[in-house]
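Some notes on the structure that comes next.
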Amino acid sequence: MKDPQNPVQPGNGTREIAFDCRFFVGDRPCTWHKATGVLCTCEHYQRVGQRILIIKLDAMGDVLRTTALLPALVEAHPGAAITWITRPESRALLERNPYVAETVEYGPDALLQLQVRTFDRVINLDAGKTSAALASMARTKQKDGFILDARGCVQPTNPAARTWLEMGIFDDLKRQGTRTYQDLMLDIVGLSGARHRYVLELSEQERARGRMHLERLGVDFSCPVMGLNTGAGLRWELKRWREDGYLELIERLAAAQPVQFVLLGGPDERERHQRLAARSRVPLIDSGCDNPVRHFAAIVAVCSVVVAGDTLAMHLSLALGRRTVILFGPTSAAEIEMYGLGEKVVPRMECLACYKSSCDYVPNCMDLITTGMVEAAVERQLCALLPASTGVSLGDEARSAEVRV
């Protein structure tokens, strides 16, 4: 029987092509043919059951935490081939992801493909107009999340998406939120209560390069390595904890036990790192501010404990199973899933989760985070890494520090 999707059928000297195989690429050999020379259909053939499109363009940390939905989606759609449209800077986070068959960079290529391709399901969890417009363009019978209507207004496709939209536009609802981002997104895709986890796959070679990078800078892995992600980029000035707080924390921790301190950050943290290194009486190791994101992830992967604000480094730390202490102020602490890997340090203030980039209040929410609060949280995470018979002494202030979890 002739397949209308494939006008040229095998026969008359043509070879069989497994267009419906998960590994089919089209403009070059598939992985298995390139490696071993096998032909369609070989023992590696995996028939695509459904084609699912995920649109996630927003911040890199949001892209990474959305990968937590992939295991549940694939379990609900066995044999599905997932295509993910994202911005160029986030593509590296999806490399080697076993659940993603294809990533498409947002731009002309994505727009052209959406005019031709048909999907069984389209999922857009961004309420931004660009993402919603892409979802509206996509050809499918099922759309979950957000679309753009003819007036240019973002519209939710189901009640769970409506809930998330309301949380995004009404500050009081955002502050009242108690559920994690992953749980809220699973509601939108109809998989409430499903188990979830970050999916970030680093190769052994990438991990080794991250370790070697720090070894060349003088890190001794026989002692705990404390990763300090002290910034939050230029957009979110209010997410950053004060430099004096980090300097005091470093001195206190160094006085208690042999901890090494590695500064983690991007180009926006370069000057901050220079100031901290110049002012600190304890040696600080700057891991560099120009590391590609996967190499940056490999550096985070070899830290014992990571201290960060609500940043990409925080998501990377959790994705890689590192003990993590997160300092919260203007963004929602409730929406971050810790996966049992650490704790959140949250001050007591009425206007938390305001999502402002700056604030006129003195002291502001991040100023209300004391060194003792962070020290206590870090000490507990260091203790969690030690054998049960080994104890770590906490100072009196650390013992009495108030840390909201």
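The values are calculated or read from the model by the stated rules, or taken from the named source; none is laboratory data. Quick caveat: nothing in here was measured; it's all calculated off a predicted structure. Here the Cβ positions follow ideal geometry from the backbone for every residue, glycine too, while neighbour counts run over all protein chains shown.
Within the range 327-340, not a single residue is touching a helix residue (DSSP H, G or I) at 6+ places or on another chain (Cβ under 6 Å), touching a residue at least 60 places away in the same chain (Cβ under 8 Å) and farther than 18 Å from Y181 by Cβ. With respect to the conditions (1) touching an Asp or Glu at 6+ places or on another chain (Cβ under 9 Å); (2) of a type in the set (V, I, T); (3) at pLDDT 95 or above, V104 lacks only one, and its number is (1).
Go through A255, A277 for me and flag whichever is free of Cβ contacts under 8 Å to residues at least 24 places away in the same chain, over 16 Å from the mean Cα position of the chain (by Cα) and either within 20 Å of A384 (Cα to Cα) or part of a strand (DSSP E or B) (or both). Of A255, A277, the one residue that is free of Cβ contacts under 8 Å to residues at least 24 places away in the same chain, over 16 Å from the mean Cα position of the chain (by Cα) and either within 20 Å of A384 (Cα to Cα) or part of a strand (DSSP E or B) (or both) is A255.
Quick check: is even one residue across the range 75-97 part of a helix (DSSP H, G or I) and under 17 Å from F146 (Cα atoms)? Within the range 75-97, not a single residue is part of a helix (DSSP H, G or I) and under 17 Å from F146 (Cα atoms).
Screening V325, V306 for residues that are under 30 Å from R211 (Cβ atoms) and either touching a Lys or Arg at 6+ places or on another chain (Cβ under 7 Å) or surrounded by fewer than 24 Cβ atoms within 10 Å (Cβ to Cβ) (or both) leaves exactly one candidate, V306. All of P7, P88, P78 fail the test of being modelled with pLDDT under 90 and either within 30 Å of A313 (Cα to Cα) or loosely packed, with under 12 Cβ neighbours inside 10 Å (or both), apart from P7. Filtering I336, I299 for residues that are in a helix (DSSP H, G or I) and either outside the structural domain of L70 (by TED's automatic domain parsing) or closer than 20 Å to L64 by Cα (or both) leaves a single hit, I299.
Does D290 meet the test of being closer than 16 Å to A232 by Cα, outside any helix (DSSP H, G or I) and touching a Phe, Trp or Tyr at 6+ places or on another chain (Cβ under 8 Å)? Criteria not met by D290.
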